[in-house]
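Worksheet for the structure shown next.
The values are calculated or read from the model by the stated rules, or taken from the named source; none is laboratory data. Quick caveat: nothing in here was measured; it's all calculated off a predicted structure. Because the Cβ atoms are built from the backbone with ideal geometry, glycine has one as well, and the counts that use them run over all protein chains shown.
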Ligand SMILES: *[C@@H]1O[C@H](CO)[C@@H](O)[C@H](O)[C@H]1NC(C)=O
Ligand SMILES: [Zn+2]
């Protein structure tokens, strides 16, 4: 459809009465106040933000929380366990999950189909974790005020130090940047790929758990709602974690894991800005030890994905993405972010990052450094 046909419609949408002011943080400590409808035009111009409207304490520009620094392994110690499981990565199953997940018209967090896709994902997770004792594994639908698409928390309770929590995250929502409420957003790469990558990691971890394996620390898989609305779901969740005084010792976000621009230069991107350097170094070790491809460092800017919500709340976080930012998938946020453009082999590499990360940190003794 030509954009000119849409202009009268856009005017109509703009004239809608309920258009409250939102507080957006567009850089550390830098806030703007815009109408809900203007969030979209910011995103179209490539300006990312954290929507802190519902978190007045953060939005007041109070001093940012210091991020807790822990020691992380300098050598891997779980390669035997890793070897025993890594060949079980099932690309066919990943493909089927992604095909189903992208069949929802959009996973926009304010849409009915975005609610339906969350229900499907929760169902899929119930099936994957079925049969494990409830003292060991819990699946929670974490609901948010103001929209229906819930976040999902899968928690595997640690046997020795359950208070130490290691998180693997991704976001389940998608968005079409032209007209999110009208146009489709298959969101295969952003972030269907990360969702399915972490789901496969969970499936393999469940294989180990059902053979009697138990981690020392608690492992959590998070599937966030409303990342595209300005980290709304993850900010809600991590703020609640601080209120409950939960101790998160590491958070790793996987957002976009499927696109390879140049097969002769296949690599993963590791984000070095607005992330926790000590944890990022550990992720590099995981990639060097367990992947067939190297990493390249890259910068992503402020509020790039849900790891921002962790660091904002004082929790250490890292972020891996399919490649350096300059060779990322250009079709995201459009109707063309489809599964046929993605590499399941590349997603499998990202699943190895998730597996290595939870196997190593699941048995690590965390000591605070700062
Ligand atoms: C979960 O398992 C049930 C029973 O096998 C099946 O009917 C259902 O389709 C599955 N749901 C998902 C989302 O995989
Ligand atoms: Zn994303």
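Okay, residues lined up against (1) more than 17 Å from residue 267 (Cα to Cα); (2) touching a helix residue (DSSP H, G or I) at 6+ places or on another chain (Cβ under 8 Å):
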{"site": "315", "(1), (2)": "yes, yes"}
{"site": "323", "(1), (2)": "no, no"}
{"site": "347", "(1), (2)": "no, yes"}
{"site": "360", "(1), (2)": "yes, yes"}
In the stretch 188-212, how many residues are out of contact with any helix residue (DSSP H, G or I) (no Cβ under 8 Å at 6 or more places or on another chain) and either part of a loop (DSSP other than H, G, I, E, B) or within 16 Å of ligand 1 (Cβ to nearest atom) (or both)? 2
Unique residue being buried (at least 24 other Cβ atoms within 10 Å of the Cβ), away from ligand 1 (no atom under 16 Å from the Cβ) and at positive phi when the list is 347, 256: 256
Listed residues 323, 308; which is in a loop (DSSP other than H, G, I, E, B), in contact (Cβ under 8 Å) with a residue 60 or more places away in the chain, touching a strand residue (DSSP E or B) at 6+ places or on another chain (Cβ under 7 Å) and crowded, with 22+ Cβ neighbours inside 10 Å? 323
So, in the stretch 102-151, how many residues would count as being assigned to a strand (DSSP E or B), closer than 22 Å to residue 231 by Cα and more than 16 Å from ligand 2 (Cβ to nearest atom)? 4
Matching option when the condition is in the same structural domain as residue 111 (by TED's automatic domain parsing), away from ligand 2 (no atom under 16 Å from the Cβ), closer than 18 Å to residue 314 by Cβ and part of a loop (DSSP other than H, G, I, E, B), among 261, 245, 278: 245
Is at least one residue of the stretch 91-110 surrounded by fewer than 13 Cβ atoms within 10 Å (Cβ to Cβ), modelled with pLDDT of 95 or more and either within 29 Å of residue 311 (Cα to Cα) or more than 21 Å from the chain's Cα centre (by Cα) (or both)? yes
Kindly indicate whether any position in the stretch 223-237 is over 22 Å from residue 325 (Cα atoms), away from ligand 2 (no atom under 16 Å from the Cβ) and part of a strand (DSSP E or B). no
